[in-house]
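*Asks:* The structure under discussion is supplied below as structure tokens; questions concerning it will follow.
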Amino acid sequence: MYKISQGCRVGYESLPFYITSYDTATRYLRSCGYTRKNGEKCVIGKNSFCEQLFILRLQINILTHVTMEDTGIYEELVQFLNTPDNKIRGSQSEREQFIEILKDSGEAVHYRGRSQDSVQNVTWFWTYEDWARPDIVRSCIGLHPHNDIYIIDNKAYRKPSTYHKYSEEVRSLLYSLLLCDKYTGIVNGEAFKSIMIKIREKYFQKLFPSNDVDVKHLQHVVKETQNGEVSFVSNDIRHDVMYAFVTECLVEDSDLEFFLITASLDVISEYCRSWEYKRSEGERCLYVPDRPEKMYDLFIDKLQLNIITHCTMSDRWIQVRISKRLKVPKEILRWDQKARERYVQYAEKGGVQEVHHARGMIVGCAGAGKTTLLNRLLKRSKKEIKKLKSTKGLEVHEEVFEICEEKGTLKVRETNKDGSEAIPDKGVKKTLSFFDFGGQCAYYACHQIYLTRRAFYIVVIDASKDLEHLVEKDVCDQMDTVFANWKYKDYFLFWMKSIHTYCYGNSRIDRDSDVIIILVATHWDKRVYKDKATFLDGLQTVLPVNSDLVQYIIEDRCFCTEFPIAPIKDLEEFLVQIAAEEKWSEQIPDEWVFFDEKIQKEKNKRVLEFDIIEKVFMHHEDEKQILNLAKDMLRYHHDAGKILHFNEEHLSKTVIIDVQWFVNAFKYIITDRNHVKGIVACRQDWEEFYKTGNLKDSLLSDIWNGEDERLLGTKTSSKNAKLAEDPRFLLYHKEELLLYMQRLGLISSEDQTHYVPSMNKRDFGETQKEIITCKRSNSKSSVLVYLFDFLPYFFFYRIVVALMQIENWNVLESDGIRSLYKDAAMFNHKGHNIVITVTPSTIQLQIFQPNSQMTMLHEVTLSIRKSVESILHSVTKSFHKCLAYQVGFICYGEENQILGREVSYNFVEESKVGSGSQMTCPRH
């Protein structure tokens, strides 16, 4: 025990209180305020958390423990033990007598727990993973006169229910009534007798299964109507009968299985909750354990789609299981209550269709061979593949393959010009789409649209390149960008972290256990590695120490390819196996499925008006129902990545149905000068855009006009009138495109000029930093730091674009040039200057007074911080995984409080710093 307590590092002082047994805790542990006696061997708690664990470990036994000499623990005892204050503050002998009374007047009972080694004990109560759950033990089905349960000598005691004293014949009748539909039945009717037989065979074997019963002597418990139906006199009586049933009958796994199978939908719906559900005060509920898995399956099977409108949905742990069992898209399970209720209505009234659609994302550094790999899967010839050019932006190959499980092959699907299937077949088809991500760093900003956990990922690595080598300048066009001087290992790590961030989840609640990353080593014939094992070892050395990413470096999911010699049949067979998994199957309301077909037929229009979509549902009589149906359908297709639609001001009236076209529109903007031909714009405008990200509206129009002319196949000396009238073209939809790009943080749009953050190559230099550094301490703030585990650079771009939209926030200018940089942005708000910067792991904020003779106003600095954090919160939530971050400071002296430094070991959480004009660093 001494070694355990002495070996605990700072922050782990509670470990002895968490891991020790009941006997060890009784012998050695003490509360925080306990005074050690001379020579006494004990471990005293360091904080309130230790104290709470100690109480939960000993439970009511603590009343006779020596630690009761510490009167400071009494209030917590009242709270955690649900015990009257006067009993706790009594003398030692009075407390001992109180415990004996509890044992004499109560009944020893057994309660279910997570551990299935032996369900007939309460050891689970002490070892529950993160926190003990007295509410699970105490509630049974909720609070009522006999809810108090005490743990005495490691055994559970509770006050007996009135109904425990009734005869077996009466209890079997009441339990049968409890399990009937609507808690009502004709006692000697067939339905009631069927349940009665099952109850007696399971719990009351001494009784005859089907004897007629008389309820006349139970008028204080049940009431009978003229047609012979019987029900409970009151809800309170029913609750008490439920309590008696739970405590008497639900002891072993088979008991709970029997209940979940036999009981009516009414009793399951009213009382059952998933394991992590947090009940409200006074709520009566029966917790269904999540292990073994069949318990949840039985719970879900009983309620079917009604479970997604059930209160247990507040427990996000069960949502993955519901999605898997019922094939309801996970995004829908996250919708609000009203929207989920509408989904159930759509499914029940119009029926559902099952769709099976897998998506693969091909990512990696530029030049690694991603496009070549995809075209080899498409069975393109060697000659065709050699003509391929590197992907610019992102290429979507929607439902390009049909999965042939029996043959283990991917069949290339034939389509008509409108995108519809050439030879449609009946039945559920399993299809596979691929998304080919351009590797040039300038395009990473638009990749956020498609990164999703609803996909598997193929990370392509060029095996002919040493991971420690710098990426060639002309490969990724990274010169002067935030990606400058990146090595091949940096791009590999970037993609691995990006996928992990989007797919793995912010906590165990959000995680899918089967995030799939496939590693493909190309150019294996020119490899710099001895063999596959050496290659995988090299990838592992790139990962941070103790990184979660190591779980994705799996030999069976790594494939080495050569072109054009080595076949890729093994990779194809593995892709078939992955794409055929049931996780890609979903049940979609019939009225939503048609929209997939409409998207394909109408793609040439690029954008649809919301009013047109509403008209499709005009067969519904209720106008409000039509509106909700259209919005819900669009919300699903947006979450699935098939369209772009935001139910927000300025955006709600339009739907972008060709997302590839939208991505291309942004790609045409950011592509470098060598990729754009025939743009009529002055060299100065182009140079300004390419260096600063400032894009004149006339240059934007020229860029899109050039692309439209290529599609039209006509070259004109001036803008062709047809381009502004035809919905196929970019200029026709210029306003909508800019609104959506601004919403996604790709561009900040203004009348005569626009700002594209990902194109900015200007450094936030020493001159700008010196302006802030030379300020007096009372005219500048400390550097506030938001520290991320992983921070994609385009996240910073989105923040800057959002800040530019805030009223009364003006971008600072210096000599007529806006103070916007590739890694920083400067604003002015109510006479205060604001600087926000980005480093590989932080967003940093500092405020200063431009007039050094003036001090900063607290209310203004506070409002600035609130604005920044509101945007941070909004943007982090918009990711498929809510990005987590810590807030704090850099613990340098005033002269070294410089923006843009990586925090290293000098980060101090704000919660550990005091308040006031002078704050002492708690670490130094």
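*Asks:* Report in % the part of the accessible area of segment 236-300 that belongs to carbon and sulfur, leaving out ligands and nucleic acids; probe 1.4 Å.
*Replies:* Roughly 44 percent, rounded to a whole number.
*Asks:* For ILE518, ILE237, what's the largest-to-smallest order of accessible area, 1.4 Å probe?
*Replies:* Descending order: ILE237, ILE518.
*Asks:* As a quick test, which of the pairs LYS387/LYS526; LYS278/LYS338; LYS193/LYS223; LYS429/LYS598; LYS583/LYS624 have an alpha carbon distance above 29 angstrom in this structure?
*Replies:* Beyond 29 Å between Cα atoms: LYS583/LYS624.
*Asks:* To continue, here is another question. How big is the gap, in Å, between the Cα center of segment 827-874 and the Cα center of segment 438-462?
*Replies:* About 33 Å separates the Cα centre of segment 827-874 from the one of segment 438-462.
*Asks:* Out of the total accessible area of segment 706-861 (probe 1.4 Å, heavy atoms of protein only), what percent is carbon and sulfur?
*Replies:* For segment 706-861, the apolar C and S fraction of the accessible surface comes to 47 percent.
*Asks:* Now, a different point. Determine the distance separating the Cα centre of segment 42-60 from the Cα centre of segment 539-600; give it in Å without decimals.
*Replies:* Between the Cα centre of segment 42-60 and that of segment 539-600, the gap is 48 Å.
*Asks:* Okay, next question. Based on alpha-carbon centroids, what's the gap between segment 220-290 and segment 352-395 in Å, whole number please?
*Replies:* 55 Å
*Asks:* Please work out how much accessible surface TYR296 shows to a 1.4 Å probe, ignoring ligands, DNA and RNA, in Å² rounded to 10.
*Replies:* 10 Å²
*Asks:* For segment 619-664, place one equal point scatterer on every Cα, skip the solvent, and apply the Debye formula. What is log10 of I(q)/I(0) at q = 0.13, 0.20, 0.23 Å⁻¹?
*Replies:* After summing over all Cα pairs, the log10 values are -0.33, -0.68, -0.83.
*Asks:* List the lysines whose Cα lies under 20 Å from the Cα of LYS769, skipping any in the same chain that are fewer than 8 positions away.
*Replies:* Straight-line reach from LYS769, under 20 Å: LYS761, LYS780, LYS822.
*Asks:* If you don't mind, another one. Go through CYS42, CYS774 and list them by solvent-accessible area, largest first, probe radius 1.4 Å.
*Replies:* Of CYS42, CYS774, the descending order of accessible area is CYS774, CYS42.
*Asks:* Something else now. Keeping every protein chain present and rolling a 1.4 Å probe, give me the accessible area per residue for segment 522-623 in Å².
*Replies:* 55 Å²
*Asks:* In square angstrom, what is the accessible area per residue of segment 765-807 with a 1.4 angstrom probe?
*Replies:* Result: 40 Å² of accessible area for each residue.
*Asks:* Using the scaling law 2.2 N^0.38 Å as the reference, what is the normalised Cα Rg of segment 190-278?
*Replies:* Against the empirical 2.2 N^0.38 Å value, I get 1.19 for segment 190-278.
*Asks:* Please give the per residue volume of the convex hull enclosing the alpha carbon atoms of segment 191-240, rounded to a whole number of Å³.
*Replies:* Value for segment 191-240: 105 Å³ per residue.
*Asks:* What does the charge count near LEU410 come to, summing +1 for each Lys or Arg and -1 for each Asp or Glu among other residues with Cβ under 14 Å from its Cβ?
*Replies:* Net charge in that neighbourhood comes out at +2.
*Asks:* Set Lys and Arg Cβ to +1 and Asp and Glu Cβ to -1, take the dipole of segment 308-374 about its Cα centre, and tell me which of ILE318, CYS365, VAL352 lies farthest positive.
*Replies:* Of ILE318, CYS365, VAL352, it is CYS365.
*Asks:* Related question: With a probe of 1.4 Å, find how much accessible area segment 193-274 has per residue, and write the answer as a whole number in Å².
*Replies:* 47 Å²
*Asks:* Now, a different point. At a 1.4 Å probe radius, carbon and sulfur cover how many percent of the accessible area of segment 14-85?
*Replies:* Looking at segment 14-85 in its full context, I get 50 percent from C and S.
*Asks:* Of ASN211, LEU260, ALA191, which is farthest towards the positive pole of segment 158-302's charge dipole, taken about the Cα centre with +1 and -1 on the beta-carbons of Lys, Arg and Asp, Glu respectively?
*Replies:* Farthest along the dipole direction, towards plus: ASN211.
*Asks:* Run down the lysines and flag those whose C-alpha is under 18 Å from the C-alpha of LYS302, throwing out any fewer than 8 positions away in its chain.
*Replies:* LYS182, LYS198, LYS294, LYS324, LYS327
*Asks:* So for ASP685, ASP751, what's the accessible-area order with a 1.4 Å probe, most first?
*Replies:* ASP751, ASP685
*Asks:* In straight Cα distance, which aspartates and glutamates are under 16 Å from LYS389, not counting same-chain residues fewer than 8 positions off?
*Replies:* Counting by Cα, and skipping residues close in sequence, LYS389 has these aspartates and glutamates nearby: ASP436, ASP474, ASP477, ASP672.
*Asks:* For ASN694, list long-range residues whose amide hydrogen, built 1.01 Å from N in the peptide plane, is under 5 Å from its own amide hydrogen.
*Replies:* VAL756
*Asks:* Take the Cα radius of gyration of segment 734-810 and divide it by 2.2 N^0.38 Å, with N its residue count; two decimals is plenty.
*Replies:* Output field value: 1.36.
*Asks:* Could you give me the ³J(HN,Hα) list for segment 44-61, computed from phi with Karplus coefficients 6.51, -1.76, 1.60 and θ = phi - 60°, whole Hz, x at Gly and Pro?
*Replies:* Residue by residue, segment 44-61 yields 9, x, 8, 8, 5, 5, 4, 5, 5, 4, 4, 5, 5, 6, 8, 6, 5, 5 Hz.
*Asks:* With only Lys, Arg, Asp and Glu charged, each at its Cβ (+1 for the first two, -1 for the last two), find how big the charge dipole of segment 555-662 is about the Cα centre; round to the nearest 20 debye.
*Replies:* Computed charge dipole of segment 555-662: roughly 480 debye.
The values are calculated or read from the model by the stated rules, or taken from the named source; none is laboratory data. These numbers come from a predicted model, not from an experiment. Here the Cβ is made from the backbone with ideal geometry for all residues, glycine too, and neighbour counts use every protein chain on show. Calculation scope for accessible area: heavy atoms of the full protein, side chains included, ligands and nucleic acids excluded. Shrake-Rupley method; radii C 1.70, N 1.55, O 1.52, S 1.80 Å.
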